[in-house]
Structures are given as C-alpha cells and as structure tokens.
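One structure is given below, encoded as structure tokens.
The values are calculated or read from the model by the stated rules, or taken from the named source; none is laboratory data. Given the structure is predicted, the values throughout are model-derived calculations rather than measurements. Here the Cβ positions follow ideal geometry from the backbone for every residue, glycine too, while neighbour counts run over all protein chains shown.
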Amino acid sequence: MNTCLKKLKWTLVLSLSLNLFFTPSGHALDEDIAKYPSRPITFIHPFAAGTPMDMSIRLITREVEKILGQPFVVVNKAGGSGSVGVAALANAKPDGYTLGNAPASTTLVVPFLEKVPYHPLKDLRMIAQFSSFNIGVVVKSDSPFKSFKDIIAYARQNPKKVTHGTAGSTSMQFLIMKQIELKEKVQMTLIPFASGAQTEIALLGDHVMIGSGDFNHSLIEAGQIRLLALFREEPSVEYPNIPILKDLGYDISAPYYGCVAGPKGIPEGIMKKLEDAFAKASKEPAFIAGMKKLHFPAVFRGSKELGDYVTRNYDVFAKLLKDIGLTKQK
C-alpha cells in the first residue's frame, strides 16, 4: 500500500511540475519572456527590396535593434501580390522571432480576389503601424486640370474620356478611385500598368490624362507633374496644401499602412515588449529624419488601435469588392 502511495505521490509531483513548465503562467515561460529577445529576429517584407516601403522598414528596425539589443534580419519574400510573404508570416512559429509587414493589399484586398493560405483576422496579430503612404492623383504640368474637381467636372460631361493610369486593376488606389466614380456618378477609362513608375512615364508621354498611385517627389519638385489630391485620412505634413479625401467631401477609407505583424499566438508579454519598442523607435530622431528624406509619412498606431482599424476595413472592402463584382467565385 505504501509503495502505491509513493508512486501516486511522485506521479502528482511530476504532473504539477510539467504543468508549471508548459502553462503560460508558469515560471519557465515567464523567464523566456523576460529574456526575450535572445537571438536575431526575422522580419518578412512581402515585396521587393529597394522601394520606399522597404527602406522605411529598415529604418524602423534599425532603431528597434538598439532598444531590444538583437539584430533584425529583413527578408524580402515577394510573390502572389504579397500573399507569399504574408502566408509565411502567418504560418510562422508564434514565438516573437518571426515578424513582418502585412500591408492593406495583402489583408484587405487579395484574400477576396484569390484563395490564400491565411485569414487576415484569424491568423495574424497586428503589433504596430509605423508609416503611411503618400498616394494620390497626379497630372502632367501642362494639364488643363488644375484641381481634382476639374477632373470630376470633365468626366461628368465626357463619359469615359478621362484616361486613368494606375498600377493594376485591383490596387488600393484603383478601388478608391472606383468609389469616387460611383459617388460622383462618372465613368473613367482605366489603363492599368505594372508599376507607379510606368504610370508616370505614360503620363509624361501624354498616353493617359491622370495617374493615381505613389509618385516621384523629384518630378513634382522639377515641375513636371502636379499633385492634385492625396488619398489620405489624415492631413499630410509633406504636402500640407494638397487636399485629402475628407477635404474633397469623400468619406472613403484609405487604409495605407506599413506595419509590424506576427502570427496569432505570440505571448502577451512579448507582444507588449515589441509594441513598446516600436512605439519608442517611431519617435527616434534618426527614424523621423530618414522618413522625411524618403518623403514617407510616419504614422503610429498601437496594437489594439491598428487591429481594430484593420478589422473595420476588412468588412468595408469585403462589401466593396462584392458590390463591384471582383470577389472570387466560390
């Protein structure tokens, strides 16, 4: 009988020890969180290197390295309109050592257009936003359009005569312009290009009348193109005299963001460390100066605010894409 009791006692002790080790509130995991990070962190960017977004990621992670004491290794994993990189992020081990950028196109548009191996809300956890974009409508410097309202007025009188160049027929800027067309009851002719640079070349060559998307700041400074509107929800520090959507009377969401996200399941203690580190890094003079040099707006949102923002816009774009007939057939 004593032998059986001893065996039962040691079984209970072993069981309690294992529970303490593996339970999220156990001391072993608390110690891991306290030591985090103890090795380099991989940061996946789902698009090519060398773009302003890519450079802004390298700016912010450089500052976070100093705060957390471990290097960030930025990996460019392009393909599938960004879905390849985001899928790798969503399916990574949720230990805080694989983070990445999950921009609006990959979370609010692509999942409705094609089958992707992740669900933006169920498989990803937003940690922080550190940037926005200067995306807008430009015309050639000698264009008769002096304001965005001029474009709308001409389009109203001349259906389908306004040729609108942009990067892709499902890009965020196209979807914003589509909402404006629907609201104003006008029709423009879309001319899709592979990139913003190709759109600007076509604009300068008089092949399209207007262009929407990201734009080359040097062409504006040189007086070759004029910026007429910004697809922004907040005023632009870089272009304070250019109207944003609200100024033009449009209550339209423009969810452009560079962010830090991770796979669902990252422990809350690590989440807090990361959010705090990126919040602090976003205020560092070197980061702010670097973003100004890129003409890239620095906009910060914390985990909850960004998560709520993405969730809200997920529903907005689900309805929009369905209404205009772009949602994939099931």
**Prompt:** When you scan the stretch 94-117, how many residues do you find that are closer than 21 Å to Gly168 by Cβ, touching a helix residue (DSSP H, G or I) at 6+ places or on another chain (Cβ under 9 Å) and of a type outside the set (A, V, I, L, M)?
**Reply:** 8
**Asked** Any idea which residue in the stretch 40-76 is nearest to Ala286 (Cα to Cα), counting only those that are without any contact (Cβ under 8 Å) to a residue 60 or more places away in the chain and of a type in the set (Asp, Glu)?
**Response** Glu65
**Request:** Answer yes if at least one residue in the stretch 274-283 is modelled with pLDDT under 95 and either surrounded by 12 or more Cβ atoms within 10 Å (Cβ to Cβ) or not in a helix (DSSP H, G or I) (or both), and no otherwise.
**Result:** no
**Request:** Count, please, the residues in the stretch 300-328 that happen to be modelled with pLDDT under 95 and touching a strand residue (DSSP E or B) at 6+ places or on another chain (Cβ under 6 Å).
**Result:** 0
**Asked** Identify, please: which residue in the stretch 102-142 is modelled with pLDDT of 95 or more and among the basic types (Lys, Arg) and is, among those, farthest from Ala281 (Cα to Cα)?
**Response** Lys140
**Request:** Answer yes if at least one residue in the stretch 5-17 is of a type in the set (Val, Ile, Thr), closer than 22 Å to Ile266 by Cα and either modelled with pLDDT under 95 or assigned to a loop (DSSP other than H, G, I, E, B) (or both), and no otherwise.
**Result:** no
**Item:** Leu89 vs. criteria touching a helix residue (DSSP H, G or I) at 6+ places or on another chain (Cβ under 9 Å) and among the aliphatic types (A, V, I, L, M)
**Value:** no
**Prompt:** Within the stretch 319-326, can one find any residue that is touching a helix residue (DSSP H, G or I) at 6+ places or on another chain (Cβ under 6 Å), within 18 Å of Ser132 (Cβ to Cβ) and either buried (at least 17 other Cβ atoms within 10 Å of the Cβ) or not assigned by TED's automatic domain parsing to the domain that holds Thr106 (or both)?
**Reply:** no
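Being without any contact (Cβ under 8 Å) to a residue 12 or more places away in the chain and surrounded by fewer than 16 Cβ atoms within 10 Å (Cβ to Cβ), is that true of even one residue in the stretch 134-141? Before you say what the answer is, go through the steps one by one.
Step one: list which residues in the stretch 134-141 are without any contact (Cβ under 8 Å) to a residue 12 or more places away in the chain, which gives none.
Within the stretch 134-141, not a single residue is without any contact (Cβ under 8 Å) to a residue 12 or more places away in the chain and surrounded by fewer than 16 Cβ atoms within 10 Å (Cβ to Cβ).
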**Request:** Run down Lys280, Lys304, Lys264, Lys292 and say which single residue is assigned by TED's automatic domain parsing to the domain that holds Pro103, among the basic types (Lys, Arg) and over 30 Å from Asp32 (Cα atoms).
**Result:** Lys292
**Prompt:** Taking the condition at pLDDT 95 or above, of a type outside the set (Gly, Ala, Ser), touching a His at 6+ places or on another chain (Cβ under 9 Å) and more than 17 Å from Ala286 (Cβ to Cβ), does Asn91 pass?
**Reply:** no
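Each row is one residue, and each column tells you yes or no for (1) in a loop (DSSP other than H, G, I, E, B); (2) more than 30 Å from Gly325 (Cβ to Cβ).
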site	(1), (2)
Arg39	yes, yes
Leu59	no, yes
Ser83	no, no
Pro94	yes, yes
Tyr118	yes, no
